[in-house]
């Protein structure tokens, strides 16, 4: 687990085992909006696992790049979504699943490395955990993502990419 204060981030594999995250947890904790207080788990999963999750929870039978599961909503059972012990000071914001294969293909298509793509996806997923929804919020999420992306030195945000450049 990592995080410089307000946001605590765990990065695991699909079975909930901690894995080397190459700085992703620390980066997300630093890049997160100020109001992001609590704990987030990020599972880096295979495309097949993501497809199953997307089919089960969104009724889309394809692998996608990132899925967000806010703590107050129904979340996947077992594996990397075990119940976490929290204290009143550490609120569980929710869980993110990121498909490594999809992320790798998107990174190549965008001309940057996998670590950069994982950061873009983690930031996008975190904004969903904080209640943003780019499908319904009249651009509010896109503006937040762009502001945070620029501040963190990331290339184009996920929402602003042309439709053919995702998945």
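Being in a helix (DSSP H, G or I), in contact with a strand residue (DSSP E or B) (Cβ under 8 Å, 6 or more places away or on another chain) and touching a residue at least 12 places away in the same chain (Cβ under 8 Å) is the filter here; which residues of segment 52-74 pass it?
Of everything in segment 52-74, those that are in a helix (DSSP H, G or I), in contact with a strand residue (DSSP E or B) (Cβ under 8 Å, 6 or more places away or on another chain) and touching a residue at least 12 places away in the same chain (Cβ under 8 Å) turn out to be 53, 54, 57.
I need the full set of residues from segment 128-140 which are in a helix (DSSP H, G or I) and without any contact (Cβ under 8 Å) to a residue 40 or more places away in the chain, in order please. I'd like the intermediate steps shown before the answer.
Taking segment 128-140 first, the residues in a helix (DSSP H, G or I) are 128-129, 140.
Residue satisfying the conditions is 140 alone.
Pairs needed: first member in segment 1-21, surrounded by fewer than 18 Cβ atoms within 10 Å (Cβ to Cβ); second member anywhere, assigned to a loop (DSSP other than H, G, I, E, B) and modelled with pLDDT under 90; C-beta distance under 9 Å; at least 6 residues apart or different chains.
Qualifying pairs under 9 Å: 5/37; 6/34; 6/35; 6/36; 6/37; 16/78; 16/82; 18/1.
Could you please find all residues in segment 154-164 being within 18 Å of the chain's Cα centre (by Cα) and at pLDDT below 90?
Result: 155, 156, 157, 158, 159, 160, 161.
crowded, with 18+ Cβ neighbours inside 10 Å and over 21 Å from residue 25 (Cβ atoms): is that true of residue 159 in this structure?
So residue 159 passes the test.
Anything in segment 47-69 that is touching a helix residue (DSSP H, G or I) at 6+ places or on another chain (Cβ under 7 Å) and either exposed (fewer than 15 other Cβ atoms within 10 Å of the Cβ) or modelled with pLDDT under 70 (or both)? List them, or say none.
Of everything in segment 47-69, those that are touching a helix residue (DSSP H, G or I) at 6+ places or on another chain (Cβ under 7 Å) and either exposed (fewer than 15 other Cβ atoms within 10 Å of the Cβ) or modelled with pLDDT under 70 (or both) turn out to be 60, 61, 62.
From the residues in segment 70-88 that are touching a helix residue (DSSP H, G or I) at 6+ places or on another chain (Cβ under 7 Å) and either within 22 Å of residue 27 (Cβ to Cβ) or surrounded by fewer than 17 Cβ atoms within 10 Å (Cβ to Cβ) (or both), which one is modelled with the lowest pLDDT? Quick ask: steps written out before the conclusion?
Taking segment 70-88 first, the residues touching a helix residue (DSSP H, G or I) at 6+ places or on another chain (Cβ under 7 Å) are 70, 75-76.
Subset that is either within 22 Å of residue 27 (Cβ to Cβ) or surrounded by fewer than 17 Cβ atoms within 10 Å (Cβ to Cβ) (or both): 70, 75.
Details: 70: 91, 75: 48.
Here the residue is 75.
What's the total number of residues in segment 144-160 that are under 21 Å from residue 131 (Cα atoms), part of a loop (DSSP other than H, G, I, E, B) and out of contact with any strand residue (DSSP E or B) (no Cβ under 9 Å at 6 or more places or on another chain)? I'd like the intermediate steps shown before the answer.
Residues of segment 144-160 under 21 Å from residue 131 (Cα atoms): 144-152, 157-160.
So of that shortlist, the ones also part of a loop (DSSP other than H, G, I, E, B) come out as 157-160.
Cutting the leftovers down to out of contact with any strand residue (DSSP E or B) (no Cβ under 9 Å at 6 or more places or on another chain) gives us 157, 159-160.
Going through segment 144-160 one residue at a time, the tally reaches 3.
Conditions first: (1) surrounded by fewer than 16 Cβ atoms within 10 Å (Cβ to Cβ); (2) closer than 20 Å to residue 23 by Cβ. Residue 123 passes all but one, so which condition is the exception?
Among (1) surrounded by fewer than 16 Cβ atoms within 10 Å (Cβ to Cβ); (2) closer than 20 Å to residue 23 by Cβ, residue 123 violates only (1).
The values are calculated or read from the model by the stated rules, or taken from the named source; none is laboratory data. All of these numbers come straight from a predicted model, not from anything done at the bench. No Cβ is skipped: glycine too gets one built from the backbone with ideal geometry, and neighbour counts run over all protein chains shown.
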